[in-house]
Amino acid sequence: MIHLNIGSNLDSTYGSRFDNITIAINLLIDSKIKIKKISNFYETPSYPNNNFPKFLNVGLFIKYNSNYLNLFKIIKQIEKKLGRIKTKKNDPRVIDIDIIDFNSEIVKTMELILPHPMCHLRNFVLFPILQIDPNWFHPILKKNAQYLINNLSQKSRIEITRLQKNVNIKI
């Protein structure tokens, strides 16, 4: 069971935030990644600077037949192709693709930490996971998404909006 999260809070030469995420998912599919489920779009304020444009995020439940390093390389190529430029942490970006969980593996390298080290604190990760995989458990904390959501601050639980809009692809 592999979970990805894709976010965007800037338009690009390819279109809107919605377009950026849809194109990223299609590029994942082109890279032989099998998409099992996709959450609705979720919108949240930018953190920590609420003056930046709002973020759109989706969660993906995928199947991938190689290792996490190869998946990580594919993700970085897709981000680059869509125009992602590394700037300061938490700055606006065209696309951001994170590996949240890769088959419950626990990894800590210079370039990648699995599970994602902040996933249990992020509403835009937990709400999509709860929607598409309610039985998911955090590999280290051994807690499910609903438990982790319940432990978020009230502000974090109410400042997320599930949009009635889906990614427009065939899976």
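Tell me the residue from L71, L60 that is within 30 Å of Q164 (Cα to Cα), aliphatic (A, V, I, L, M) and in a helix (DSSP H, G or I), please. Just a single option satisfies the conditions, and that option is L71. Exactly one residue out of P53, P92 is assigned to a loop (DSSP other than H, G, I, E, B) and over 16 Å from the mean Cα position of the chain (by Cα): that is P53.
Residue pairs whose Cβ atoms lie under 8 Å apart, sitting 6 or more positions apart in sequence or on different chains, and linking a residue in region 81-98 that is under 16 Å from T44 (Cβ atoms) to a partner that is part of a loop (DSSP other than H, G, I, E, B) and among the polar types (S, T, N, Q), are N90/S46; N90/N49; P92/N9; P92/S46; R93/N9; R93/T87. Among the residues making up region 145-171, those that are in a helix (DSSP H, G or I), hydrophobic (A, V, I, L, M, F, W, C) and closer than 16 Å to I132 by Cβ are A145, L148, I149.
Of the residues K32, K63, the single one that is under 23 Å from W136 (Cβ atoms), basic (K, R) and out of contact with any helix residue (DSSP H, G or I) (no Cβ under 8 Å at 6 or more places or on another chain) is K63.
Of everything in region 37-79 that is touching a residue at least 12 places away in the same chain (Cβ under 8 Å) and among the hydroxyl-bearing types (S, T, Y), the residue that is nearest to I169 (Cα to Cα) is S39. The number of residues in region 123-171 being of a type in the set (D, E, K, R), at pLDDT 95 or above, out of contact with any His (no Cβ under 8 Å at 6 or more places or on another chain) and within 22 Å of T22 (Cβ to Cβ) comes to 1.
The values are calculated or read from the model by the stated rules, or taken from the named source; none is laboratory data. All of these numbers come straight from a predicted model, not from anything done at the bench. Backbone-built Cβ (ideal geometry, glycine too); neighbour counts: all protein chains shown.
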